Structure formats: structure tokens, C-alpha cells
Ligand code: SAM
Ligand code: SF4
């Protein structure tokens, strides 16, 4: 559906958990408490919201978290989402640590693409950022990428490492991004750099300005050319090193604002539909659902599953109306360049990136 600025909103990121097996310092450092499981949307609740979203024109879903693969029913959920009429593509973003175990089940469930978040190839810096020595586990899937039936994209947050310490790590020295870029020469993967956004713990770190990064990349690779082939449905601008197997993307929310072309909303693991990263605007869909599905006995049980629940039309209509109103009222643009205006107080772990 269109929002009040005429933007077509057809993409929803769904965070399915607020738990994670890593502790990235800009996202979920040690000490962040996890929510009670009852606070998190059940599989059926996510399904119900996705059915409504599809009826409003959402056709692409990204499963995120927390770390989505720590939720046991993640692959089952992917399969469910894929079976919803109108949902054309379901992709996932993961830190990759558990991919070795879940790659085949995800592919069997019909996943259309896998994004792996990986900020550095330096083992010392990896541990500095994530708190764990798991780089080798993540690399296993990347090394298999040529044999996989789905495309792998690698997402790296453009951290100004000087704001993160790590002087005791030997790398990355000098050109911190080069090893990541060169993955595109070895494997058929796209590597995308994402400017660090001032949300949650991200506020404590500095981002690299992508205008500077692009200049550096042109200096390092004089043959670098813009790559305008279709890569997905996000805001990345792509480039290619001659002869490379994959492309390099820049997602520059801060220094290359792309709000005019924004196509997305976000569903948090607690069921809040967020319409812009910068603000708390949106609607509590969990409240709409849980109120609507309470059994007449008021015993705390719900009618499920919604798809087969007779008489669910009223609830579906209420859910759709709440979503429609929130999407219509989606803010025009983020306000990261004016931090005093940011109203979002949640951490990325709760929002899903
Ligand atoms: N655990 C999964 C992962 O790491 O891909 C999914 C959740 S994570 C919150 C989604 C993405 O958000 C990751 O690529 C992460 O690097 C990114 N992220 C977290 N905090 C960020 C921030 N402040 N600015 C930009 N990206 C951020
Ligand atoms: Fe976990 Fe992903 Fe956040 Fe890192 S970025 S703490 S892997 S949710």
C-alpha cells in the first residue's frame, strides 16, 4: 500500500526474538536483559500479522532478530511465511554462527536469500566486537557460497574502529574494509557496508562516512564501476571491481539519506509495528491481537490458528485497520542528523536492524 507520501510499502522486517548468541557492542553488549518468552510473538501471532500485511500489499519479508536462528521454530516460520498468498520472497539476516547447522533446513523451507552480518575478517577484532571467537564458524558458509542455491550477502557495519578500542588487535590496520571487499573476488557474494546508525548502543560509536569510503575504494580500485543490475529491494548502491564474482554495496543512511524511496516497516519481536527507525511511531499489534483472540471464558487462552479460526474476520479487519493507519502515518524521513529529535529508545536487538 502507499503511505501518505506516495511511497509503496511492500517490505516488512520481522524480528522473531530478542535473544542472541553474540554480544555485539553496538547492539547487545553484555548485561542487556532478555524479555520473558510470553512477551514475544508466537508463531501463530507472527503468521496472523503477516497474513494481514500481505493483504495490504507487503510482498517481501526479512526474518531478523536478535539472532533468528536461536529461535527453535525459525525454519518452520520461514515455511509458514512462504505459504502465505501474496508473500513472494522471504529472506533472513543472521550472524551466521549457526548457519552450518541450519542452512539445509532453511533452504528446504524455501528461503530466498541469506544475509550474514560480518563486520571484520580479523579474528581479534571480531572477538572485540562480538565478544566471541566464532569467525571460523561464520566463514564456513561463506566458503560454500558458490555451491548454494541461494545468494549470500554479507553486511558489515562501517564502524570507525578507533571508537571501539582494539589497539591490542594487530588488524585491521590501514584499510579496514579491504579484506571484506576482496571476498567479492573469491566468492559469489555481495558485500554491503552499512553506516552505523545512532540507535541504542550504536550511539556510542562513530560511523565511517561512506562518501570517504567510496573515494578510498576508487583510489584502491581504479576500475571500480557502478553496478546497476538488480540486487534486491533495499537502498544499497552497488559497485563492482572488474572481474569480481560479487558486488560491493553501500547503504548510507546518514551521509546518503534515502528516505524518499523507503519501502519498509518493521515488526518488533514484541509485536510493535514500527514505521521509521528514528521514532517510536507505530502501533502495538500484539495488543490488538491478544485482545481480539481472548476466549469468551477469559481464561487467557486464544483461538488459534487464525487462518482456520471461524469468525476471525472481525479481528483480521481490526488488525488490518491498525496497520493501515500506522503505514499511512509513516514519517517522511529519519532525523539521525538531528539527534535531539530521535525518539526511539529501544536497542537494535529489540528492533531487528
Ligand atoms: N543477529 C542478526 C544479524 O546480526 O544479522 C539479525 C539482527 S541484527 C540487529 C541486524 C543487523 O543490524 C545486523 O547487520 C547488525 O550489524 C545491524 N545493526 C545493529 N545495530 C546497528 C546500528 N546501530 N547501526 C547500523 N546497523 C546496526
Ligand atoms: Fe546479535 Fe545481530 Fe545484534 Fe550482533 S548485531 S548482537 S549478532 S542481534
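Only the coordinates and a few stated rules stand behind these numbers; no lab work does. This one's a predicted model, so the numbers in the text were calculated from it and none came from an experiment. Cβ atoms come from the backbone with ideal geometry, glycine included; neighbour counts cover every protein chain shown.
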Nearest 10 degrees is fine. How inclined is helix 313-328 to the longest principal axis of the chain, computing both from alpha carbons? 40
Highest mean first, how do 210-223, 95-108 rank when packing is the count of other Cβ atoms within 10 Å averaged over residues? 95-108, 210-223
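Per 0.36 nm of contour for each residue apart, how much would the distance between residue 220 and residue 324 grow if the chain were fully extended, relative to their Cα-Cα spacing? Don't skip to the end; give the middle numbers.
On the way: separation 104, 0.36 × 104 = 37.44 nm, distance 4.70 nm.
Additional length available on full extension: 32.7 nm.
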Antiparallel bridges, percent of DSSP beta bridges restricted to the stretch 1-115 (to nearest 5): 10
Along Cα→Cβ, 7 Å out, is where each label goes; now give me the distance between the ones at residue 35 and residue 229 in nm to one decimal. 4.0
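State the extension gain, in nm to one decimal, for the chain segment bounded by residue 144 and residue 83, taking 0.36 nm per residue of separation less the distance between their alpha-carbons.
On the way: separation 61, 0.36 × 61 = 21.96 nm, distance 2.75 nm.
Using 0.36 nm per residue and subtracting the Cα-Cα distance, I get 19.2 nm.
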If I take R0 = 51 Å and measure r between the Cβ atoms of residue 291 and residue 212 in this structure, what FRET efficiency does the formula 1/(1 + (r/R0)^6) give, to the nearest 0.05? 0.55
Any chance you could run the full-extension gain for residue 72 through residue 284? It's 0.36 nm times the residue separation minus the Cα-Cα distance, nm to one decimal. 73.9 nm
Taking the DSSP beta bridges in the chain as the whole, what percent of them are antiparallel, to the nearest 5? 30
Measure nothing fancy, just the Cα-based angle from helix 43-55's long axis to the longest principal axis of the chain, in degrees from 0 to 90, nearest 10. 90
Using the alpha-carbon atoms, what tilt in degrees (0 to 90, nearest 10) does helix 99-109 show relative to the longest principal axis of the chain? 50
